[in-house]
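Written below as structure tokens is the structure these notes are about.
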């Protein structure tokens with residue numbers, strides 16, 4: 001059983017929902033990323049999602065786009081991120097770590113052949129050896145997903161897939177067939193950081209997905225406070241908080257590091273308490 005699946009089972013046993021948090025590795029730098037994520041875990045996050053910086057993060061809003069830019073200025077590489085993941089795993093052995101990035105970044109960094117079909121055991125071992133428990137490849141084409149899903153499964157690394165409001169039923173079932181860990185439901189048609197329009201429609205859609213699969217469904221995009229997190233978690237298995245935390249990081253000043261860390265810690269703790 002993968003560590004992500006185990007995490008959801010443990011949460012279910014105590015009637016709790018998963019809090020997934022997102023930050024971009026190397027924002028504002030790698031050392032501070034480690035401090036921030038460590039603070040987030042100790043404050044109640046159940047799963048850590050680490051963004052792999054990319055030059056054109058098309059699904060992200062301006063807040064997260066700027067975080068990608070800040071990280072790229074620091075020349076943050078996937079090798080650096082794997083090192084960060086390994087350090088975090090040593091400190092938090094039971095907390096799943098998920099890398100979230102774009103197709104080209106993973107292919108160019110992990111595979112000289114530039115083909116996802118050629119992903120090999122050495123690559124999977126490297127991911128697992130550095131504490132990676134799951135991958136979200138935002139723009140992974142379905143046609144390319146089966147090979148990587150099967151290979152990652154051999155190492156108990158989950159391939160987490162995105163489902164959006166525009167995903168039709170046929171496509172949704174195809175995505176589910178090559179997914180594990182949890183399904184990431186994008187709550188709106190816009191970019192990260194936008195506002196939620198209708199909880200009724202969201203609830204109906206999430207229930208439809210849950211009726212088609214036994215994989216937990218976690219909602220992301222548009223969740224920025226305790227109220228939205230509580231509403232979402234009432235019908236989903238968990239929520240993703242990203243832009244709100246990344247915005248705090250973007251406002252950090254060197255002399256205010258501790259104050260910002262405390263603010264992030266309180267925010268994460270408050271969100272976790274609202275989805276119990």
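Summary table below
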| read-out | value |
| --- | --- |
| Filtered residues of segment 64-76 (kept if over 15 Å from residue 105 (Cα atoms) and either surrounded by 23 or more Cβ atoms within 10 Å (Cβ to Cβ) or more than 16 Å from the chain's Cα centre (by Cα) (or both)) | 64, 66, 67, 70, 73, 74 |
| Any hit, segment 41-49, residues being in a helix (DSSP H, G or I) and over 14 Å from residue 247 (Cα atoms) | yes |
| Residues within segment 222-234 that are buried (at least 24 other Cβ atoms within 10 Å of the Cβ) and assigned to a helix (DSSP H, G or I), tallied | 2 |
| Qualifying residue in segment 214-221 (condition: surrounded by 14 or more Cβ atoms within 10 Å (Cβ to Cβ) and part of a helix (DSSP H, G or I)) | no |
| Among (1) touching a residue at least 60 places away in the same chain (Cβ under 8 Å); (2) under 20 Å from residue 181 (Cβ atoms) - the single one residue 36 does not satisfy | (2) |
| For residue 276: the one exception among (1) part of a loop (DSSP other than H, G, I, E, B); (2) touching a helix residue (DSSP H, G or I) at 6+ places or on another chain (Cβ under 7 Å) | (2) |
| Residue count, segment 92-105 (criterion: surrounded by 14 or more Cβ atoms within 10 Å (Cβ to Cβ) and either at pLDDT 85 or above or in a loop (DSSP other than H, G, I, E, B) (or both)) | 9 |
| Qualifying residue in segment 111-121 (condition: exposed (fewer than 15 other Cβ atoms within 10 Å of the Cβ) and at pLDDT 90 or above) | no |
| Flag for residue 108 being surrounded by fewer than 16 Cβ atoms within 10 Å (Cβ to Cβ), more than 26 Å from residue 266 (Cα to Cα) and either modelled with pLDDT of 85 or more or in contact with a strand residue (DSSP E or B) (Cβ under 6 Å, 6 or more places away or on another chain) (or both) | no |
| Boolean, residue 84 is in a helix (DSSP H, G or I) and modelled with pLDDT of 90 or more | yes |
| Residue check for residue 126: modelled with pLDDT under 90 and part of a loop (DSSP other than H, G, I, E, B) | no |
| Test: residue in segment 143-164 that is free of Cβ contacts under 8 Å to residues at least 40 places away in the same chain, within 19 Å of residue 238 (Cα to Cα) and surrounded by fewer than 19 Cβ atoms within 10 Å (Cβ to Cβ) | yes |
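The values are calculated or read from the model by the stated rules, or taken from the named source; none is laboratory data. All values reported here derive from a predicted model rather than from experimental measurement. Note that we place each Cβ from the backbone using ideal geometry, even for glycine, and neighbour counts take in every protein chain shown.
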